[in-house]
Amino acid sequence: AGPSPRVGAAAEAAEEERCPMAGLEWDAGASRLSKALWLLEWPLSVLRWATIPTDSEWDARRRRWTAATPPFAAVLLLVRFSGGVGDAAAARAGPLPLLLLLPLCCAPLPYALWRLTRDDIPPAWQPALVVTGFCFSIVWLDLVATEVVALIETAGFLLGISTSILGLTVIAIGNSAGDLVSDIAAAKGGEAKMAVAACFGSPLLMNIIGAGASLTVRAIMTGGADTESSVSQVCRIAYLFLYTALFSHMVVFPLCGYSASRGYAVYLFALYAVFMLLALLAESRKLGDFLCPASSPCPPPVEG
């Protein structure tokens, strides 16, 4: 005979305490603010777990969520590649809407996943589930980033702020917030070398992959035609201060035995403050032809 319902419920409660599922666990001892934030986040947490197969853990609850993911994951991909919820709702394959057709096509997969897995033993192919979950996490990040950028661009248009300033301030800070938190955590954990290496490695990866991927897509869309672009005065100022900071690192770190003092940190903060001041002056057209020689003129700032 199988375990009684009471024993099964007790085992599941123990699993919840041992391997909580982020965003789904109600903390009765949390503050009112934390509970309110949890309630606001809960619908997104449900959608996230319904479209991302699993994390590195495995138990009965994760098995059920994993088995239920294929139809919801198909809808997520449709929303992503159709251009949004409205376009996904309008997409059709003959007389049937794709929002109905894709989940129906994926309907056999939950049964197959359920039959091929067990509650107590992770499947041998769990690494494939983790990789799939990583890919769908990227899809979620892409969707959220697209919406955030659209909101910021709309706010900039309404307030008359150029996209260059938004990119160098709000978007740049938001894009780097995760790196900042992880680097500080690594430094506090005694991994100073890892933190410093990540400060250079993460932006380097983003610049190489970001610029390379975007230019590759552009070349494919245009049949290999040349891409013409002009560099604004704000971007030229950004390049100037970027090279200044990199040159400062190349000089200071070797001279100081690859350790930085607090004074050098203050210098870097001051360098960023001067850069932001010049960027704002450039957007308000107070710098004249600074870094914009006649041989390579700068485009005029975009009117808000």
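Looking at this structure, is Val234 over 18 Å from Thr169 (Cα atoms) and touching a residue at least 12 places away in the same chain (Cβ under 8 Å)? Considered against the rule, which asks whether it is over 18 Å from Thr169 (Cα atoms) and touching a residue at least 12 places away in the same chain (Cβ under 8 Å), Val234 comes out as no.
Whenever a residue of the range 154-180 is more than 14 Å from Val234 (Cα to Cα), its partners that are of a type in the set (A, V, I, L, M, F, W, C) and in a helix (DSSP H, G or I), lying with C-beta atoms within less than 6 angstrom and at least six residues away or across chains, give the pairs Gly156/Leu166; Val170/Ile152.
In the set Ala265, Ala219, Ala294, which member is surrounded by 13 or more Cβ atoms within 10 Å (Cβ to Cβ), over 17 Å from Thr169 (Cα atoms) and free of Cβ contacts under 8 Å to residues at least 12 places away in the same chain? None of the others qualify; the one that does is Ala219.
Might you let me know whether the range 150-162 holds any residue that is among the hydroxyl-bearing types (Ser, Thr, Tyr), under 30 Å from Val75 (Cα atoms) and either loosely packed, with under 14 Cβ neighbours inside 10 Å or in contact with an Asp or Glu (Cβ under 8 Å, 6 or more places away or on another chain) (or both)? Looking through the range 150-162, at least one residue is among the hydroxyl-bearing types (Ser, Thr, Tyr), under 30 Å from Val75 (Cα atoms) and either loosely packed, with under 14 Cβ neighbours inside 10 Å or in contact with an Asp or Glu (Cβ under 8 Å, 6 or more places away or on another chain) (or both).
Conditions (1) within 24 Å of Ala124 (Cα to Cα); (2) modelled with pLDDT under 90; (3) more than 20 Å from the chain's Cα centre (by Cα), marked per residue:
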position: Arg32; (1), (2), (3): no, yes, yes
position: Trp38; (1), (2), (3): no, yes, yes
position: Trp42; (1), (2), (3): no, no, no
position: Ala73; (1), (2), (3): yes, no, no
position: Leu76; (1), (2), (3): no, no, no
position: Gly86; (1), (2), (3): no, yes, yes
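Taking first residues from the range 117-139 that are assigned to a helix (DSSP H, G or I) and partners that are open to solvent by 40 Å² or more (accessible area, probe 1.4 Å), the Cβ contacts under 8 Å between residues at least 6 apart in sequence or on separate chains come to Val130/Asp55; Val130/Ser56; Gly133/Asp55; Val139/Leu77; Val139/Arg80.
Quick one: is Val234 of a type in the set (Val, Ile, Thr), open to solvent by less than 50 Å² (accessible area, probe 1.4 Å), modelled with pLDDT of 80 or more and part of a helix (DSSP H, G or I)? Here the answer is yes, as Val234 does meet what is asked. Under the condition of being open to solvent by less than 70 Å² (accessible area, probe 1.4 Å), outside any helix (DSSP H, G or I) and within 24 Å of Leu76 (Cβ to Cβ), the residues counted in the range 20-58 number 10.
Scanning the range 223-267 for residues that are within 30 Å of the chain's Cα centre (by Cα) and on the phi > 0 side of the Ramachandran plot returns Gly223, Gly224.
Is there any pair with a first residue in the range 38-66 that is closer than 13 Å to Trp114 by Cβ and free of Cβ contacts under 8 Å to residues at least 12 places away in the same chain and a second that is part of a loop (DSSP other than H, G, I, E, B) and open to solvent by 50 Å² or more (accessible area, probe 1.4 Å) whose Cβ atoms are under 8 Å apart and which are 6 or more apart or on different chains, and what are they? Matching pairs, first to second residue: none at all.
Can you find a residue in the range 86-94 that is part of a helix (DSSP H, G or I) and either surrounded by 15 or more Cβ atoms within 10 Å (Cβ to Cβ) or touching a residue at least 60 places away in the same chain (Cβ under 8 Å) (or both)? Looking through the range 86-94, at least one residue is part of a helix (DSSP H, G or I) and either surrounded by 15 or more Cβ atoms within 10 Å (Cβ to Cβ) or touching a residue at least 60 places away in the same chain (Cβ under 8 Å) (or both).
Residues in the range 171-191: is at least one within 22 Å of Val85 (Cα to Cα) and at pLDDT 80 or above?
No, that holds for no residue.
The values are calculated or read from the model by the stated rules, or taken from the named source; none is laboratory data. Only a predicted model underlies this, so the values are computations on that prediction, with no experimental measurement involved. Because the Cβ atoms are built from the backbone with ideal geometry, glycine has one as well, and the counts that use them run over all protein chains shown. Remember, those area values only see protein heavy atoms, side chains included, never the ligands or the DNA or RNA. Shrake-Rupley method; radii C 1.70, N 1.55, O 1.52, S 1.80 Å.
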